[in-house]
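Input: a single structure, listed below in structure tokens.
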Amino acid sequence: MHTDRTVRSTCPYCGVGCQILLNIKNERIIRIDAPFDAAPNYGRLCVKGRFGADYVHHPDRLTTPLIRKTRQKPGQRTAARYPDDWREATWEEALDFAASELARIRQTCGPDAITSNACAKATNEDNYLHQKLMRAVIGTNNVDHCARLCHAGSVTGLQLAIGSSAMSNSIAEMKDLECFIVTGSNTTETHPVISTFLKQAVRKNGAKLIVIDPRQTEMTRFATLWLRHKPGTDTALFNAMAHVIVKEKLYNPDFIQSRTEGFSEYIESLEEKTPEWAEAITGVPADDIRRAARMYAQAGRAAIYWGMGISQSTHGTDNTLTLANLALLTGHVGKPGTGLNPLRGQNNVQGCSDSGGLPNVFTAYQPVTDPAVRAKFEQAWFAGHPDLHLPDTPGLTVTEMVDGILTGKVKGWWVMGENPLMSEPNLRHAQEAVEHLEFFVAQDIFFNESNVYADVILPAASFAEKDGTFTNSDRRVQRVRKAINPPGLARADWEIICDLARRLEQKQGRPVSAGWDYRHPSEIWEEMRRLTPAFAGIDYDRLEREGGVHWPCPSFDHPGTPYLFADQFPRGRGRFHAVEYGTQSELPDNEYPFILSTGRVLYHWHGGTLTRPSALNDIWPECTVELHPHDAARLGLKTGDWVDVSSRRGKITVRLLVTGRSPEGTVFIPFHFAEAAANILTDNRIDARAKIPDYKVCGVKIERAAAPPDRPGADIPLEERGAIKDVAAG
Ligand SMILES: Nc1nc2c(c(=O)[nH]1)N[C@H]1C(S)=C(S)[C@@H](COP(=O)(O)OP(=O)(O)OC[C@H]3O[C@@H](n4cnc5c(=O)[nH]c(N)nc54)[C@H](O)[C@@H]3O)O[C@H]1N2
Ligand SMILES: Nc1nc2c(c(=O)[nH]1)N[C@H]1C(S)=C(S)[C@@H](COP(=O)(O)OP(=O)(O)OC[C@H]3O[C@@H](n4cnc5c(=O)[nH]c(N)nc54)[C@H](O)[C@@H]3O)O[C@H]1N2
Ligand code: SF4
Ligand SMILES: [Mo]
């Protein structure tokens with residue numbers, strides 16, 4: 001079909017960062033395809049990239065600022081109905097209201113009574129300004145985002161082991177891999193285009209793939225070896241692999257000597273951790289553990305890729321440490337085709353963290369506790385006002401904010417593009433917190449389950465309606481380009497933030513500092529670049545010429561860094577960590593005999609805000625609970641039966657999908673469906689170091705539901721609902 005124009009941009013869904021072409025006709029996106037000559041996807045796209053961006057034109061998009069008609073009282077805040085409970089407001093009025101309330105709370109309770117969520121869907125430029133507003137204008141480090149619920153376990157573990165948490169190798173290397181481990185990653189559904197390169201490595205390059213996952217993901221079909229361990233037993237398994245590598249002298253003595261520390265204490269800790277010991281804990285045959293250890297250690301080059309199965313645990317940090325130990329033992333890091341690679345989830349979760357959307361660091365992980373770093377940012381942000389200072393203590397994490405509200409420490413919340421009342425664990429607990437807020441300002445492109453509790457909603461432009469950059473999973477900074485105008489009065493996040501910052505400064509009677517008058521995101525990037533050595537060699541002109549650049553890139557003549565740690569680790573030597581097996585997770589018992597594992601399906605995105613209104617919902621229209629055939633037989637249940645799934649925290653009603661994909665004793669529920677929200681069931685205990693909740697293990701029970709719920713589509717047999725039938729058929 002003829003198009004008016006084609007605009008190159010970056011996919012708004014996952015961290016692969018596929019390059020896309022938005023074909024525009026009559027100011028609508030009529031088709032999305034991909035440039036064949038551009039990294040990282042070279043023409044490949046998954047179903048979400050190709051068909052899922054139709055949300056941009058959905059009639060439910062927020063098009064005007066909204067103010068709650070009745071003032072909400074702390075402790076009695078309720079969800080607003082649309083349209084009755086809202087009134088449309090001008091930008092003037094909405095921003096003025098938000099600024100007055102935030103200034104009031106700051107004045108009466110101090111800057112740390114305000115907290116915010118940055119947005120891994122928004123651009124680097126949006127997020128840089130978000131944290132700048134929190135730090136420079138409000139004066140708190142209380143800024144965090146969904147990375148906390150995501151790779152926090154990986155980040156904390158990798159920081160301890162090597163001093164950097166970024167994925168160490170590039171997507172481009174994947175198709176040439178020789179041997180690799182995929183663990184805790186349902187790659188074909190969650191990083192689909194990466195999975196095509198990984199499959200290519202197996203099929204075309206003869207690579208050996210070791211899948212380590214309790215669930216029978218599609219990647220297991222490509223695996224040389226699949227270790228199906230019990231959920232939550234990773235450290236035992238990886239320790240036993242290390243035991244074998246040490247006992248059989250398969251480690252790399254030169255690498256250990258020149259690049260690591262702590263080896264001797266570490267190997268002492270492995271003495272008792274035999275494959276037989278691990279078999280008893282994990283359920284994986286000892287000989288398979290031996291085979292996996294040999295395969296990984298004896299390969300010339302071998303890489304590890306992982307996802308939420310490793311990170312989202314009360315011992316996510318330990319899981320990561322035991323994986324890092326394997327790479328340090330064998331020297332499989334710092335060369336092409338090797339590495340420690342946590343696959344980043346959201347389109348810009350890497351970038352949101354890189355831009356300072358975290359409570360302890362400015363851009364590119366420069367610590368807020370370092371006086372020299374603070375002085376640099378004070379100089380740039382407060383030029384001419386030597387009396388102004390930036391806060392020096394790390395702020396609250398996303399998981400701590402909820403408790404901060406409940407203990408009365410936190411009064412005001414600014415949520416930019418997140419949906420905590422779908423994504424936080426133990427939703428009832430999170431909801432109680434939200435109800436106790438004094439003031440809640442949300443900035444989003446849609447209504448969602450969280451912002452209906454807000455006092456004021458600021459309508460934002462989507463990725464297709466603004467300029468900026470996203471940084472993908474392998475640290476490649478890529479352009480996002482404005483292809484169409486935002487609907488109604490919606491504005492780009494960076495523009496909203498600038499206006500809010502200016503107003504806040506006026507209300508607070510502080511000088512209106514220079515730097516809130518950007519005309520284009522390229523000027524914001526320029527400020528970031530100057531303050532961030534790792535980005536110094538990247539600017540919009542270069543991105544225009546090269547398509548994307550991997551940071552760290554310290555100068556314009558530097559090529560960028562597709563793989564890290566060639567010569568040394570950011571902390572100097574890599575550090576081995578002895579880890580003892582143990583668990584703080586809520587394990588099944590007589591009352592709640594099944595393990596609940598939650599996660600994703602290919603066609604949906606998190607709380608469903610973007611994909612439920614999309615055509616993708618027709619393909620996968622409902623929530624199911626996956627149960628192993630033996631368990632189903634024992635309970636006398638079959639596919640399509642309505643069941644209640646309950647935990648100590650709540651109950652949801654869903655239809656049963658009997659499938660061998662889930663191991664015996666474990667059920668799987670995706671968390672995309674508000675009418676049966678998996679997080680009603682999950683537990684909010686966290687990993688002490690990473691503060692990440694356990695979304696992969698808690699106890700639940702399953703019973704036949706008294707009656708089908710009153711829900712659209714509940715009368716249609718499960719087997720007739722889109723692609724669900726293919727799974728139902730086995
Ligand atoms: N379609 C789709 N794609 C997405 C997203 C989405 O919502 N929808 N979200 C994006 C985001 S933000 C993220 S973080 C990524 C997440 O991507 P993944 O990490 O691939 O996603 P999950 O579905 O959480 O799957 C985790 C895997 O961990 C396994 N697992 C469960 N328990 C354990 C365990 O104890 N140990 C081990 N080793 N494995 C275990 C599960 O069986 C599953 O295969 O996906 C991104 N891509
Ligand atoms: N049970 C369970 N819970 C989980 C997980 C799990 O595996 N199991 N995984 C966790 C993980 S890994 C993650 S990353 C989190 C994700 O949790 P969230 O980040 O809370 O979830 P999203 O649904 O991605 O929320 C994105 C929001 O941003 C809005 N948005 C989209 N584009 C823009 C934009 O350009 N600007 C603005 N202002 N808004 C925009 C969308 O409308 C939507 O409301 O969920 C976590 N929760
Ligand atoms: S793999 Fe990820 S980035 Fe690529 S098209 Fe699919 S959702 Fe978009
Ligand atoms: Mo994530």
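For the range 702-730, give me each residue that is basic (Lys, Arg) and more than 15 Å from GLU675 (Cα to Cα).
Passing the criteria: ARG704, ARG721, LYS725.
Every residue, every condition in (1) within 16 Å of ligand 3 (Cβ to nearest atom); (2) open to solvent by 10 Å² or more (accessible area, probe 1.4 Å); (3) not polar (S, T, N, Q), yes or no:
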| site | (1), (2), (3) |
| --- | --- |
| TRP91 | no, yes, yes |
| LEU102 | no, no, yes |
| LEU129 | no, no, yes |
| ASN141 | no, no, no |
| GLY157 | no, no, yes |
| ALA161 | no, no, yes |
| LYS175 | yes, yes, yes |
| THR187 | yes, no, no |
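Pairs, please: C-beta under 7 Å, at least 6 apart or cross-chain, first residue in contact (Cβ under 8 Å) with a residue 60 or more places away in the chain and in the range 39-55, second aromatic (Phe, Trp, Tyr) and within 15 Å of ligand 1 (Cβ to nearest atom)?
As it stands, the answer is VAL47/TYR603; LYS48/TYR13; GLY49/TYR13; GLY52/TYR13, since those pairs meet every condition given.
The conditions are (1) in contact with a helix residue (DSSP H, G or I) (Cβ under 8 Å, 6 or more places away or on another chain); (2) within 14 Å of ligand 1 (Cβ to nearest atom); (3) more than 30 Å from ASN347 (Cα to Cα), and LEU587 fails exactly one of them. Which is it?
That leaves (1) as the condition not met.
Need a quick list: strands (runs of 3 or more DSSP E) entirely within the range 381-487 having at least 2 residues that are farther than 19 Å from LEU500 by Cβ.
468-471, 476-480
Going by what's in this entry, would ALA286 be described as in contact with a Pro (Cβ under 7 Å, 6 or more places away or on another chain), in the same structural domain as ASP213 (by TED's automatic domain parsing) and not hydroxyl-bearing (Ser, Thr, Tyr)?
So ALA286 fits the description; yes.
Check off (1) within 14 Å of ligand 1 (Cβ to nearest atom); (2) under 20 Å from ASN472 (Cα atoms); (3) open to solvent by 10 Å² or more (accessible area, probe 1.4 Å); (4) in contact with a Phe, Trp or Tyr (Cβ under 6 Å, 6 or more places away or on another chain) for THR220 and give me the number that stays unchecked.
(2)
If the requirement is being out of contact with any strand residue (DSSP E or B) (no Cβ under 7 Å at 6 or more places or on another chain) and closer than 20 Å to TYR695 by Cα, which of these qualifies: THR235, THR196?
Just a single option satisfies the conditions, and that option is THR235.
What is the residue count in the range 220-240 for residues that are within 30 Å of ALA578 (Cβ to Cβ) and in a helix (DSSP H, G or I)?
Of the residues in the range 220-240, 7 are within 30 Å of ALA578 (Cβ to Cβ) and in a helix (DSSP H, G or I).
If the Cβ limit is 6 Å and pairs must be 6+ apart or interchain, which residue in the range 263-274 that is closer than 14 Å to LEU329 by Cβ pairs with which residue that is open to solvent by less than 40 Å² (accessible area, probe 1.4 Å) and part of a helix (DSSP H, G or I)?
Matching pairs, first to second residue: PHE263/ILE256; ILE267/VAL246; LEU270/ALA242; LEU270/HIS243; LEU270/VAL246; LYS273/ASN239; LYS273/ALA240; LYS273/HIS243.
Taking ASP726, is it assigned to a helix (DSSP H, G or I) and either in contact with a strand residue (DSSP E or B) (Cβ under 9 Å, 6 or more places away or on another chain) or at pLDDT below 95 (or both)?
yes
Quick check on my filter: what residues within the range 684-723 are open to solvent by less than 60 Å² (accessible area, probe 1.4 Å), in contact with a Leu (Cβ under 9 Å, 6 or more places away or on another chain) and not in a loop (DSSP other than H, G, I, E, B)?
Result: PRO693, GLY699, VAL700, ILE702, LEU718.
Tell me, please, whether a residue that is in a helix (DSSP H, G or I), away from ligand 4 (no atom under 16 Å from the Cβ) and surrounded by fewer than 21 Cβ atoms within 10 Å (Cβ to Cβ) can be found in the range 335-350. Spell out the reasoning first.
Here is the first cut: in the range 335-350, the ones in a helix (DSSP H, G or I) are 349-350.
From the residues that got through so far, the ones that are away from ligand 4 (no atom under 16 Å from the Cβ) too are none.
Among the residues of the range 335-350, not one is in a helix (DSSP H, G or I), away from ligand 4 (no atom under 16 Å from the Cβ) and surrounded by fewer than 21 Cβ atoms within 10 Å (Cβ to Cβ), which makes the answer no.
Identify the residue in the range 142-184 that is away from ligand 1 (no atom under 16 Å from the Cβ) and in a helix (DSSP H, G or I) and, among all such residues, is farthest from ASP112 (Cα to Cα).
So in the range 142-184, the residues away from ligand 1 (no atom under 16 Å from the Cβ) come out as 142-143, 159-164, 168-170, 172-173, 175-179.
Applying the additional criterion that residues be in a helix (DSSP H, G or I) yields 159-161, 172-173, 175-176.
Working: GLN159: 26, LEU160: 28, ALA161: 31, ALA172: 43, GLU173: 44, LYS175: 47, ASP176: 49 Å.
Across the range 142-184, the extreme among qualifying residues is ASP176.
The values are calculated or read from the model by the stated rules, or taken from the named source; none is laboratory data. Note that this is a predicted model, so its numbers are computed, not measured. All Cβ positions, even for glycine, are placed from backbone atoms using ideal geometry, and neighbour counts span all protein chains on display. All accessible areas refer to the heavy atoms of the entire protein, side chains included, with ligands and DNA or RNA removed. Shrake-Rupley method; radii C 1.70, N 1.55, O 1.52, S 1.80 Å.
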